[in-house]
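Undergrad: Got a structure for you, written out below as structure tokens; questions coming shortly.
The values are calculated or read from the model by the stated rules, or taken from the named source; none is laboratory data. Please read these numbers as outputs of a predicted model, since none were measured by experiment. Positions of Cβ are backbone-derived with ideal geometry, glycine not excepted, and every protein chain shown enters the neighbour counts. Each accessible area value is taken on the protein alone, full model and side chains, heavy atoms only, with ligands, DNA and RNA left out. Shrake-Rupley method; radii C 1.70, N 1.55, O 1.52, S 1.80 Å.
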Amino acid sequence: MENIILIGMMGCGKTTCGALLAQRLGRELVDTDALIEQREGMAIPELFAQKGEDYFRARELDAARALARRTGLVVACGGGLPLSHGAMSALKGSGTVVFLRRDPGETFDTVPMGGRPLAQAGRAAFVARFREREPVYLGWADLIVRDFSSPEATVNAIMEGIE
């Protein structure tokens with residue numbers, strides 16, 4: 001059973017929708033950020049502060065490669081993970097990649113950004129970061145979901161797309 005890999009900007013709903021999707025499908029949800037926090041014994045903001053972004057990205061690559069060797073998962077990727085060709089090519093080889101394409105301005109305005117190190121420069125920088133990443137997300141995506149009226153609606157759109 002192939003994996004379902006959720007990608008998109010931080011705060012777009014990968015973890016929330018991933019949990020609902022996993023529950024509906026009877027699968028395990030693995031959030032790459034949570035996996036890294038568990039392995040490292042510290043929160044992502046602390047990891048960034050103490051060891052830097054390069055160290056974090058190397059841990060993302062490790063996590064992606066490990067998860068790609070498993071099957072039947074719903075994987076919620078950190079927002080920057082798709083920027084790593086090695087990490088995403090491993091994951092894409094293990095299943096279907098779903099891009100949760102939520103409007104970045106709406107995301108910034110409605111999701112708490114306090115614990116997100118790369119969202120601290122403000123709304124304009126967040127939207128600009130999305131615009132830079134969007135072509136990468138689109139390049140990896142097998143399915144693009146645009147319905148964010150509710151987490152249930154998003155999961156329904158994913159289910160319809162993967163069936």
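Undergrad: Which length gain, in nm to one decimal place, applies between R24 and R57 when the Cα-Cα distance is subtracted from 0.36 nm times their residue separation? Present the calculation step by step, with values, prior to reporting the outcome.
TA: Working: separation 33, 0.36 × 33 = 11.88 nm, distance 3.06 nm.
This chain segment gains 8.8 nm when fully extended.
Undergrad: Further, regarding this structure: Pop out the carbon and sulfur fraction of the accessible area of the range 85-163 as a percent, whole number, probe 1.4 Å. Kindly include the intermediate steps, with their values, before the conclusion.
TA: Values: 1960 of 3870 Å².
The nonpolar share, carbon plus sulfur, comes to 51 percent.
Undergrad: Enumerate the amide H contacts of G72 below 5 Å, restricted to partners 5 or more residues apart or on another chain; note that Pro and chain-start residues carry no placed amide H.
TA: E2, N3
Undergrad: When the chain is fully extended, how far beyond the present Cα-Cα distance does L143 get from R70, taking 0.36 nm per residue of separation? Provide the component values of the computation, followed by the final result.
TA: Values: separation 73, 0.36 × 73 = 26.28 nm, distance 2.09 nm.
Computed gain between L143 and R70 is 24.2 nm.
Undergrad: In the set (i) 12.9; (ii) 8.6; (iii) 11.2, which value of mean projected area of the Cα convex hull in nm² was calculated from the structure you see?
TA: For mean projected area of the Cα convex hull in nm², the calculated option is (ii).
Undergrad: Helices from the chain with mean Kyte-Doolittle at least -0.5 and a Cα length along the axis of 27 Å or more, per DSSP H: which?
TA: Helix filter hits for the chain: 44-68.
Undergrad: State the Cα centre-to-centre distance between the range 125-163 and the range 1-42 in whole Å.
TA: 14 Å
Undergrad: Roughly how many nanometres apart are two label points built 7 Å out from the Cα toward the Cβ at T16 and A34?
TA: Calculated label separation equals 1.5 nm.
Undergrad: If you don't mind, there's one more thing I want to ask. Working out 0.36 nm times the residue gap between R131 and T96, then minus their Cα-Cα distance, what length gain in nm do you get to one decimal? Walk me through the intermediate numbers first.
TA: Numbers: separation 35, 0.36 × 35 = 12.60 nm, distance 2.29 nm.
Between R131 and T96, full extension yields an extra 10.3 nm.
Undergrad: Just order 92-98, 36-42, 7-13 by mean Cβ neighbour count inside 10 Å, highest at the front, would you? Walk me through the numbers before you get to the answer.
TA: Values: 92-98: 19.9, 36-42: 13.9, 7-13: 24.6.
Going by the mean number of other Cβ atoms within 10 Å, highest first, we get 7-13, 92-98, 36-42.
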